[in-house]
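First, the structure itself, so that you have it in front of you.
We did not get these values from a lab; they are worked out from the coordinates using the rules stated. On a predicted model such as this, the values are computed, not experimentally measured, just so you know. Glycine gets a Cβ as well: all are built from the backbone with ideal geometry, and neighbour counts include every protein chain shown.
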Amino acid sequence: MSTISEVIFYVLTFLAVYVQVFFFVTFFENNKKIQNRKGSTKLKKYKGVTIIVPAFNEEATLCKTVRSILNLNYQKDKIKIILVNDGSKDNTLKMMNRFAKYPNIRVFNKENGGKHTALNLGLENLETEYVGCLDADSIADPDSLNRIMNVFENDPTIMAVTPSIVVTEPKNLLQHAQRAEYFMMVFIKKMFGFMGGIHVTPGPLTIFNRKVFDNLGHYKEAHKTEDMEIAFRMQKNNYPIEQCNDAYVYTNTPPTVKKLFKQRLRWTYGGINIMLDYKDMLFKKKYGNFSYFTIPTSVISVFSIVFFVLKIIYDFGKFVADQVLQIKTVGFSMSYTLPKIDLFFVDTGTFLFLSILIYIFVIASIMIGYKMVTGRYRITKEFFYYFIFFVTISPFWLSKALYNTLTSRAPDWR
Amino acid sequence: MENNKIDWKKYVIVFFITSLLFILAWYLSNYFSEKKLSQIKTIQNDIALDILSSETQFSLLSELSCKNITAESSLSKELNEMGQKLEWGEDNIDDSSELLYLRRYYSLLQIKDYLLLKNISERCGNKYAFILYFYTDVDNCTECKRQGIVLSSLREKFPSLRVYSFDYSTNLSAIKSMLQIYKVEDTKLPALVLDDELLTGFRSIEELETKIEKSFALKDESKSKE
């Protein structure tokens, strides 16, 4: 490696380790505050909550989603449901109309305009103090809303609470890999929550105090990641966001690499562009850890992955060039003998130990996330699926998202 | 909840912990590099001992028969192993002064092995062909890289071919003497010496194969004359 790339390499590795250490120091500082409640959570007062379900071609899962809201342990007359059909071409509207008989459910039908427009239609018809969204491919745990509202009850200054999103019924290795990744995200989100640095309020059952929308305005298109933009807007206006790790929402995940790629490309593209839109928030004391930790962490992860992808491409290119030179010089030979295994030739450079360290941190993050959801520590084979799939595929959507950003091409919504 | 409170002390503590982890990784890396260097040194000592033993045997040749000289085949393997490990070390281990010293010692051992085997070969009529190969790492010598591939391939094809490779820029009087003897110039690298003939520039596998086979044939001829 040349000196410049060596310096970049060590700086990025240092920053990557720094981020991981920061998460774990935060964890040890706040470990005792992490709750894992069993059974039903009671509230002193049940405040009115509206849950908006925006749907575009969701006939397969919509019914389960709405039923899960109806089955919430929350006081029934305090929940209002707004179903918004965003110009679906399947039977979504028909299925929604079946629920219209419930007194607390209202159905709206509109032309397709994107998720943010469906959510905004719901917000325009809001009658309660609290409001949230539940994506039509997700199912809320019966006690999730009680636990989320308990956070608002304990600290009325909180303006939004996000739940733990858990992958439901994984059927193939890719979905199992995503399940492990979601466990890790539960841990990371909780740590961001402790430092006041949550950067996304996801579609599955994040509950907001309506002041957020009354004072800061409704959802924006925001590169098709409206849930991230609203979180950035809240952070900019010092509206605290919390995470409730024992409020579970079960979500479906893409079953194929192609679908996963498309989903992640949208998220990553949106993330990069929102960071660019809010770049003035970087390193400003008034925005707290969000400014000094959350945004830089995202930037570091983008640059690290891009750098390592380029390094892998360079190393692979060098290997291919060597092989071509060999064939060009002495011809192709089938009589390759298997190399003798000699531990001497294992590269025991500093990077090996730093990589092992980062892997340990990632495994520990998934384990803690797993514990936050299930109540026990465990290493499952899903952890290894995560490494196999995400280490190999994620650089591609990241590179593509960067490429799209540079060439200003937004990915399709679906 | 105070959303915008920054705990600077934590940022500093995390910085120190990260630095400590880096130092630990660096220490572990150094520890294993030291182990590897000492492994090369052990091989080097073994080779030195084997050469000394063979030289002693050779001195006693008048009293011994040629079949008693047995060291050369294992010596070749050891030299080869040391060469590979040195090359890998030069690419992956940072301790350049130690490696430079080992590289010089390795070059010396190669010369000693070459002289000894040449003597044994002449005295006992063993069928060996010898190639002295001079290369350079300076200026990204692609031709040297290609020549190295050719020689590795030839070594696999002819087990009795002994290839001794020398970095032109190695600061060692014995190498400088060889460069003078064979009139090797730095502008004409890679250079090969086969049966005292100097071949400069890249030489293809076909050309060298012919020359090596000729060299073996000459030795056959001289052996049958004896």
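Enumerate the amide H contacts of A:Ile51 below 5 Å, restricted to partners 5 or more residues apart or on another chain; note that Pro and chain-start residues carry no placed amide H.
Amide H neighbours of A:Ile51: A:Lys80, A:Ile81, A:Ile82, A:Gly132.
To the nearest 500 deg cm²/dmol, what mean residue ellipticity at 222 nm is calculated for chain B from DSSP H runs of n ≥ 4 alone, each contributing -39,500 (n - 2.57), summed and divided by the residues?
-23500 deg cm²/dmol
Using Cα springs under 10 Å in a Gaussian network model of chain B, which residue among B:Phe130, B:Phe16, B:Phe202 shows the largest mean-square fluctuation?
Evaluated over chain B, the most mobile residue of the options is B:Phe16.
In addition: To the nearest 500 deg cm²/dmol, what mean residue ellipticity at 222 nm is calculated for chain A from DSSP H runs of n ≥ 4 alone, each contributing -39,500 (n - 2.57), summed and divided by the residues?
Calculated mean residue ellipticity at 222 nm is -17500 deg cm²/dmol.
What residue among A:Ala321, A:Val346, A:Leu282 has its Cα farthest toward the positive end of the dipole of the stretch A:256-366, where the charges are +1 on Lys, Arg and -1 on Asp, Glu, each on the Cβ?
Highest projection toward the positive end goes to A:Leu282.
Calculate how many DSSP beta bridges within the stretch B:8-225 are antiparallel, expressed in % of all such bridges and rounded to the nearest 5.
55 percent
Go through A:Leu134, A:Ile4, B:Tyr105 and say which Cα lies farthest out towards the positive end of the charge dipole of the protein assembly as shown; charges sit on Cβ, +1 for Lys and Arg, -1 for Asp and Glu.
Of the listed residues, the answer is A:Leu134.
Taking H as built 1.01 Å from N, whose amide H comes closer than 5 Å to the amide H of B:Ser165, not counting residues under 5 places away?
B:Tyr133
For the stretch A:100-257, what proportion of DSSP beta bridges, expressed in % and rounded to the nearest 5, is antiparallel?
Rounded to the nearest five, the antiparallel share is 55 percent.
Taking beta carbons within 10 Å but only from partner chains, what does the mean come to for residues A:15-23?
The shielding value for this peptide is 4.
I would also like to ask the following. Below 15 Å, Cα to Cα, which aspartates and glutamates can A:Lys259 reach? Residues fewer than 8 away in the same chain don't count.
Within the straight-line cut-off, A:Lys259 pairs with A:Asp137, A:Asp412.
Subtract the Cα-Cα distance of A:Lys318 and A:Asp342 from 0.36 nm times their separation in residues, and report this length gain in nm to one decimal.
Stretched fully, the A:Lys318-A:Asp342 segment lengthens by 6.3 nm.
Of all DSSP beta bridges in the protein assembly as shown, what percent run antiparallel (nearest 5)?
35 percent
Shifting gears a bit: Select from B:Ala48, B:Ala25, B:Ala191 the residue whose mean-square fluctuation is largest in a Gaussian network model of chain B (Cα-Cα springs shorter than 10 Å).
B:Ala25
List the pairs from A:Lys64/A:Lys224; A:Lys94/A:Lys189; A:Lys190/A:Lys285 whose alpha-carbon separation is above 29 Å, in the order I gave them.
In this structure, A:Lys94/A:Lys189 lie more than 29 Å apart at Cα.
Assign unit charges at the C-beta atoms only (+1 for Lys and Arg, -1 for Asp and Glu), then state the dipole size of the stretch A:129-191 relative to its Cα centre in Debye, rounded to the nearest 20.
Dipole magnitude for the stretch A:129-191 comes out near 300 debye.
Checking the table B:Lys145/B:Lys214; A:Lys211/A:Lys284; A:Lys110/A:Lys211; A:Lys236/A:Lys258 against a 30 Å threshold on Cα-Cα, which pairs fail?
A:Lys236/A:Lys258
When the convex hull of the C-alpha atoms of chain B is computed, what volume per residue in Å³ does it have?
For chain B, the hull spanned by Cα atoms encloses 178 Å³ per residue.
Tell me, what ³J(HN,Hα) does each residue in the stretch B:196-207 have, in order and in whole Hz, if you take phi through Karplus 6.51 cos²θ - 1.76 cosθ + 1.60 with θ = phi - 60° and put x for Gly and Pro?
Each residue's phi maps through the Karplus curve to give 6, 9, 8, 10, 9, x, 5, 10, 6, 5, 5, 4 Hz.
How would chain A be classified by its alpha-carbon gyration tensor: rounded, prolate or oblate, with rounded meaning a/c under 1.5 and the a/b versus b/c comparison settling the rest?
prolate
Same structure, new question: Summarise the partner chain shielding of B:80-91 as one whole number: the mean count of Cβ atoms from other chains within 10 Å of each residue's Cβ.
1
So, one more: Is there a quick way to get the dipole size of the protein assembly as shown? I mean about its Cα centre, with the Cβ of Lys and Arg at +1 and of Asp and Glu at -1; what is the value in debye to the nearest 20?
3280 debye
Moving to a separate point now. Over chain A, what is the relative contact order in whole percent, taking alpha-carbon pairs under 8 Å and six or more residues apart?
Taking the mean separation of contacting Cα pairs over the length of chain A, I get 20 percent.
A further question on this structure: Counting only other chains, and only Cβ atoms inside 10 Å, what mean value do you get across the residues of A:352-360?
Mean partner-chain Cβ count within 10 Å for A:352-360: 3.
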